[in-house]
Amino acid sequence: MSPTTTIAALQTLHAAVSGVTSAPAAYPPSLEASELPCVLVYAGPGLTRWDSHGGDLKRRERTYVCRWYVRHLVSGMGIDEGMQDTLTLLEAAVALYEETDDLTNGAQIHLSDADNQAIRDSGVRSDFQYGTEMYRGFEVQISVWEWTS
């Protein structure tokens, strides 16, 4: 599996979340208000391991950064505008990753980092930049394992 197919599979998963308007596999030139909330996925660091018993089986592990852009920040906006929407989606995202074992492309999603099972999330942030614009949202980092020969 390639990062491109894994991102597409994650975006299929994200598009089914209630409240998500857009989860494209390709990165748009900008985020329009009509596309928010929008989830974009970025391929993070990866690691390839060979089977310890001398087999041909390889396990590829890659961290995917799922960035949830919820509200466009504009001048004069209240500090709490979009906060509840963002918290609601954060809760839905964590629940989604807790419940998901396999992706549609056959990759297995494992919610772990190092020795501890975990879902890493940033909490609500108001400093997500996309293009020249700023957004309120959050990001979740998940580890996807894929076995290949």
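Please go through the range 6-25 and give me each residue that is among the β-branched types (Val, Ile, Thr) and over 15 Å from residue 143 (Cα atoms), ordered by number.
Residues satisfying the conditions are 12, 17, 20, 21.
Would you be able to tell me the number of residues in the range 1-18 that are surrounded by fewer than 16 Cβ atoms within 10 Å (Cβ to Cβ) and over 15 Å from residue 42 (Cα atoms)?
Initial filter on the range 1-18 (surrounded by fewer than 16 Cβ atoms within 10 Å (Cβ to Cβ)): 2, 4, 12, 15-16, 18.
Adding the requirement that they be over 15 Å from residue 42 (Cα atoms) leaves 15-16, 18.
Looking only at that region, the number is 3.
Could you check the range 53-96 and list, in sequence order, the residues that are open to solvent by 40 Å² or more (accessible area, probe 1.4 Å), modelled with pLDDT of 90 or more and in contact with a helix residue (DSSP H, G or I) (Cβ under 7 Å, 6 or more places away or on another chain)?
Selection gives 71, 72.
Please verify whether residue 42 is within 24 Å of residue 127 (Cα to Cα), part of a strand (DSSP E or B) and open to solvent by 60 Å² or more (accessible area, probe 1.4 Å), treating the condition exactly as stated.
Taking the combined requirement at face value, the residue satisfies it.
Check the range 129-140 and report whether any residue there is of a type outside the set (Asp, Glu), open to solvent by 30 Å² or more (accessible area, probe 1.4 Å), assigned to a loop (DSSP other than H, G, I, E, B) and modelled with pLDDT under 75.
no
What is the one condition in (1) under 23 Å from residue 134 (Cα atoms); (2) out of contact with any Pro (no Cβ under 7 Å at 6 or more places or on another chain); (3) not in a strand (DSSP E or B) that residue 20 does not satisfy?
The number of the failed condition is (2).
Looking only at the range 97-128, how many residues end up being part of a strand (DSSP E or B) and modelled with pLDDT of 80 or more?
The number of residues fulfilling the criteria is 6.
The values are calculated or read from the model by the stated rules, or taken from the named source; none is laboratory data. Computed from a predicted model, the values in this text were never measured in an experiment. Glycine also receives a Cβ, built like all others from the backbone with ideal geometry; neighbour counts cover every protein chain displayed. Calculation scope for accessible area: heavy atoms of the full protein, side chains included, ligands and nucleic acids excluded. Shrake-Rupley method; radii C 1.70, N 1.55, O 1.52, S 1.80 Å.
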